[in-house]
Structures are given as structure tokens and as C-alpha cells.
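To start, the structure itself, in C-alpha cells.
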Amino acid sequence: MSQPSPVRLDHLWTRFIRWGVTGVMATAGMVLPVGAEELGSKVLNSLSKATFEVVLEKPTTDSLSYEKALPFDLLPFRERNDKYQSIGTAFALGGGQFVSAAHVVSLASDSVRRRIYLRDPDGKIVQLDRVLKFSVARDFIVFTVKDYRPAGVLRTNTAAKKNDKVFAVGNALGDGIIVRDGLYTSDTPEEEDGRWKWLRFSAAASPGNSGGPLVDREGRVVGVVLRKSQNENLNFALPISEVSKASSSKAEVRIKTLFKLDITDRTLQGKIDETLDLPQGYQEFGRALQGRFSAFVLSLAERFNTTYHDDMFPAAASAQALLYRTNMAATFPRMLSKQRDGTWEAVMPAERREADVGKNGKLIFGKMGNFFYLRLKAPDDASVAQMQKDSKLFMDLMLRGMYFNRSFGAEQVRITSLGAAKEEGVHVDAYQRKWQVRRWNIEHSNEKIVSYALPQPDGFAILMNAADESSSYMYEVDLKTLTDFAFVTYYGTLKQWKDFLAARDTLPAAFESIALEAEYGRKFNYRSKRMSFSYPDELMKVTENSDLHLKLSYFKENDRVVWDVSSVTAGENKDTSTFVLINRQPRPPATLPDADRQTWESLVNGRMPYTGAAFFDKSHTVIATALSPEGEKGDLPKLPLLYSVAYSVEGTQDASLMEKKLGRFREGIQVNGR
């Protein structure tokens, strides 16, 4: 499945490459490359008995549907027949204790945690029981198992010397427990403040080795294999002495990380330094740890917003121009983002694709940063209301346009349905817009797809993320934050608007004062707290296929920024370009660039196009003029707010007739000074 690459918290406890295995395996005997024979048969036998695979039980259900039968025969024999997926290594010490890497056991993922087991050399599946010791920073876990006694245990050596021969033991690449030799080459101080030293070694290590023992010639554990350097063939292990002396009553939850949002260049360093009581049951401990991580990410996001409040929209000086751009269309969701030159703009993905989803439906989508941005236009046979109630229908339509695949060797099989969402809810953003939240689990890949969808009269504006289950909650924190910076406008036919406004519970607060009355063949009437607007059918046809575009923007009101209707475009028919446009234009400050003051200057000075005289523009005849709010008198340049009215008709039209019609439209408009 396609998914964005993480650029932010990077799974909380990793700053280096760590290993997982994407293949699966049946238990194999110990494999001996050159050099490992130095250990002797007795030591090798002991290592074999005391070293275990960490495995993930494959899901027994699949909520997905596909374009054809899945070609499991293309997978290797072991992969398609093993009920478990090998993800790492663990080893047994005395006293019923087992050791592995903390990142291997996926404690921060609820659904994955329930399916993690050990598999012994004879293929027996062993259930994890209690957590005895744990450290996020040092990346290790000590635990017990249920109803099982290992056939062998390993001794430890806390006094290994540099240049000693060492052997990395582990489930390399899912091909069984493999022993590979090298040297204990050096020590590297822990990255943050040097509280301990990593043990560096030259023995080869591969995906699946994580959590395995690094042993000396006598088979004694000198370290826990964790990761490899990205730039050199010197791998990392945690000295076993760090495990031995760790607290058995408190788990260490300590991480320093960087928080960043796609919309700004600002970053914020955050640190969690807490403890959890030990011992605890494995599942209970995992839930407690997950809760701490979630709270940490939320607090970091809140602190980020507070710290950089004055540097972000709408407070930043470089964002003020956006508060005076009141006629910008955004049925496809835009995002208010800081640009390289420091200014804030409402941007869309540079590359967008468009797909036909059938019955006049359409999907437009692109990607910015970690997230997909989508605009789903509802097909004729699926209403917005139906999709709000039916999560399967909603996602099935998107999958007609987006290609999510499942890999079988070199073959990609298209996913046609994710089934019903596993979780649903509503997120209300800072401007009281109600985003429909849905989450789908992808069982075979342990991924989660999360969508935040804002209903529109003719479809949805959507933000979406696909990520590993264990890190999905972090991206969702970002999603919630980004909804406060979304720029969306609303379009539809009068018939679609009638249905949309009837669903009052799902409407943004800005729509509470909006009322539409459309008597087909007779008249149209629009009312809101800022403006009323009506016209008869004889002036411009009123049918169920007449269209309406409400452009909502951000602007100041009583020293605060609101999101509300700033432009109303009423059209004669969705398939023509005959329309009347009424636009709210506040007076911009003199400090804004000339380009952002141009509309205002043209309005107050009667310059094109606001001359009150008709003119031909490409394929249309257009006439436009300024309109003062009710009760406002005086020089136009001194008024705090103006409206503009424009009328456009396809083809060449008589100028005097255009002036008369514009006058009649103006008679039907009442605006106030808000």
C-alpha cells in the first residue's frame, strides 16, 4: 500500500535505522557462516536453545476487497504457509527472564501488541506475560512468558574488552537463527548527554537481528543488538550491563524529539522524561505506555501552537494579506502555508490527478508533505447524505480514483474496498467546521488510513493519511492541527444546496444564519446575517440546476478573525457561465503590498472593472460596480467596508440592457456594515 514517508517524530524512539522483517518464516536450525565455528558445538547448542524469534500473528480476517483473487502462489512457500510473521529476536536469561529490543515488541500499537509472541527452536508459540524492566531511550525490554520454561539460558559478560571477537546471534532476514562474527570495535556515547555508551561491533547484522544477543567466544551475552549505522558497517548494541543494572520498579520513558508541521518551517524540540511502575502485565503496560506517548504528542502540538502563535496565520504580519482576499475559490481544499519568502498563501498540491468515479462523479487528489488532499464530487447515484452515513461507500468511491495495491512478489493487486470504517467520529476545528473522521485498519500490513472529510453541497473536501498503525496517532494530531488552516469554499446546484442545508447537525457554525429559498420558475432568495439577496426568474432563470457558490474566507471582525461567507455567486445553470457575483471587500491597510490593495483601489476609484459600464471579456459581457453597506455614507475610500456587484452573461450583449439588469440586481441586495 502506498503511504507517505514519515518526516517528523519518526516512531518516537528511533533516531537510527532499526530493523523489522517483512517476510515470514518457519523455524529453522542455526546457520553457521565462516568464523562462527570458533564457538564450538556446546556454545552453539546453548545459543540455539536460548534464542527465540519474536513473531507477529498474521491477521485471520481481511476487511479488504480486491479486483481479483489474490495470487498467494506467487509468494515463497514459507511465507504463504506460516501463520506468523517474524519481526525480531529475543533471548533467555536465568530466572525466567527474556530480553529483546523495546522497538521490536511494538508496545505502542494496541492491535499489533495483542498479536506478538515468541517462537522457540521447536516452533512452539509462547505468550508474553509481564514486563520486568523497560527503557525507551536504551531500547530494551525484560519480560516473562506464560507457562513455558526455556531449554537453555545464556550467561552474561559485563567486562568485554575492545577488539574481542564477538558474534551477532539473531533471526536475520527471517531465515532462522544465524550466527555471524566480528569484533567489538569501539564505544560511542549516547547521543543526548552521554549517559551511557553504545557498544559498536563489526559483525554483520540484518533485518530481524534486533533484540538478539551479541555474545563472546564462550556464548556469554555482552550486549543487545539494536541497530546499524546508516553510513558505515559498524553496528550498535546496548551493553548488557545497562540491562542488568536497570531499575526493576520503574520503566524509563525518556525521549527527545522534534515536532514540525507541513505548513511552516518552524520546529519545536520536545522531551518526555517519565517513569511507569513495574512490574506490570504486558498488555496493561503497553496501554499505559501508549497513553503516555499520546499525551506527549498532544502536549507538544499544543506547545508548538502557543510558541509560534505570532509567527503563524492569522497573527503573523506576513499572513495579513490573506484576510483581504475574499473572492478565492477552493472547492478543492487549500492549506494556509508559510512560503519560502516568509509570506503565507493558500496553496494546493503542485501535482494533482483527476479521475472519473462514474455517473458524473469525480476525484481530484494530490499530496503535500505527509498528507493527501482530495476533492470528491458525488456521482449522480450517491448523494452526500448517503456517503455521510455509509463509510464503505465513501471510501469505495475514492478507491475508484486512487490506486491502493497489495503486493505479491512483482505483481500488484488493486484494492477496491476497505470495507466499513472501524472507527468514526467528528472533529470540530477552531472555526466550528465539523470534519467527519473515519479510520480504516489494513490488517495485512498493520497500517491505518485516516480521513478528515468536510461535507460540501456536491461532495467532500478531504485530508487523508496512510501510516503504520503504531505511528498513525501522531499524524492524526497533525491532521487535527491542520484543519484550523484549511481553506474551503462551497459549491452546488440549488437542489444540492437544499439537501445540504437540511442536514443542520453537520453544518459549520457559519451556516447557522444562512437560509435559501428557491421557487423554480419564480424567484431565488439568499439570506445571512451580513447580506440578503433576491431576484425573480425573469431576471435570471431559477431551476434546480441553477448553481450557487459560497466563498468563505478568513477576515477580521471586532478584533478577532472569523471564517464566514465573503462572496456569493448565483448562476443561471451549472452548465453555463451566466451569473451574478456579490463580494465583500474590507478596506486593506496601507501596509499591504500594492497587489493586495488593487481590488479596493479599483472599487473606490471606479476603475475597471467597477465602472458601471458593460464590456466584453473573452466570451462574456460583464458589468460591475461598487456597493456601499446600508447606512454608510461619505467618501468611498474612507469607508471600512465595500461590496462589489458583477453580472456576467455569455456572448455579446446589449450594453444598455446589461446596465438595466445590473440595476435590478442591486435593488434586490441588502448588505450591512459587518
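The values are calculated or read from the model by the stated rules, or taken from the named source; none is laboratory data. Just so we're clear, the structure is a prediction, and the values are computed from it rather than from any experiment. Reconstructed Cβ throughout: ideal geometry from the backbone, glycine too, with neighbour counts over all protein chains shown. Ligands, DNA and RNA are stripped out before the accessible areas are found, and what is left, the full protein with its side chains, is counted by its heavy atoms. Shrake-Rupley method; radii C 1.70, N 1.55, O 1.52, S 1.80 Å.
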Under 5 Å, built H, 5+ apart or other chain: amide partners of V142
L132, K133, F134
Mean separation of Cα contacts under 8 Å (6+ apart) over length of the stretch 59-161, as relative contact order %:
24 percent
With a 1.4 Å probe and every protein chain left in place, work out the accessible area per residue of the stretch 339-424 in Å², rounded to a whole number.
50 Å²
For the stretch 36-76, which GluC sites (Glu not before Pro) are both in a DSSP coil and crowded by at most 15 other Cβ atoms within 10 Å?
E67
Under 5 Å between amide H atoms, partner at least 5 residues away or on a different chain: which partners does W198 have, H built in plane at 1.01 Å?
T188, E190
Identify all lysines with a Cα-Cα distance to K146 below 23 Å; exclude those on the same chain that are fewer than 8 residues away in sequence.
K49, K58, K83, K124, K133, K250
Averaged per residue, what accessible area in Å² does the stretch 598-674 show with a 1.4 Å probe, protein chains only?
54 Å²
When the helix-only estimate is applied to the chain (DSSP H runs of n ≥ 4, each -39,500 (n - 2.57), divided by the residue count), what is the mean residue ellipticity at 222 nm, nearest 500 deg cm²/dmol?
-5000 deg cm²/dmol
Residues of the stretch 127-247: accessible area per residue at 1.4 Å, in Å²?
38 Å²
Burial-style ranking of 149-156, 250-257, average other-beta-carbon count within 10 Å with highest first, yields 250-257, 149-156
With x for Gly and Pro, the residue-by-residue ³J(HN,Hα) of the stretch 526-541, computed from phi through the Karplus equation 6.51 cos²θ - 1.76 cosθ + 1.60 at θ = phi - 60° and given in whole Hz, is 10, 9, 8, 5, 9, 7, 10, 8, 8, 7, x, 4, 5, 7, 8, 3
Tell me, how many Å apart are the Cα centres for the stretch 307-343 and for the stretch 366-405?
27 Å
For the chain, calculate the relative contact order in percent as a whole number, restricting contacts to Cα pairs under 8 Å that are 6 or more residues apart.
11 percent
Rg and Dmax of the stretch 494-640, using alpha carbons, in Å: what are they?
16.9, 48
Please compute, for the alpha-carbon atoms of the stretch 125-267, the extent along each of the three principal axes and give them in descending order in Å.
55, 38, 31
Where Rh is the Kirkwood radius over the Cα pairs of the chain, the temperature 20 °C and the viscosity 1.002 mPa s, what D in µm²/s does Stokes-Einstein return?
74 µm²/s
With a cut-off of at most 11 other beta carbons within 10 Å, and DSSP calling the residue loop, which trypsin sites (Lys or Arg not before Pro) in the stretch 441-543 qualify? Please list them.
R522
Please work out the C-alpha center-to-center distance from the stretch 547-576 to the stretch 91-152 and express it in whole Å.
58 Å
Over all directions, what mean area does the Cα convex hull of the stretch 362-483 project, stated in square nanometres?
7.8 nm²
Where a Cα-Cα gap under 15 Å defines reach, which aspartates and glutamates qualify for K495, not counting those fewer than 8 residues away within the same chain?
D380, D381, D458, E517, E519, E544, D547, E572, D575
Ordering of 422-431, 638-647 by burial proxy (mean other Cβ atoms within 10 Å per residue, highest first):
638-647, 422-431
When the accessible area of the chain is computed with all protein chains present and a 1.4 Å probe, what percentage of it is carbon and sulfur?
46 percent
Mind listing the long-range amide H neighbours of S63? Cut-off is under 5 Å, sequence gap 5 or more, other chains count too, H placed in the peptide plane at 1.01 Å from N.
E443
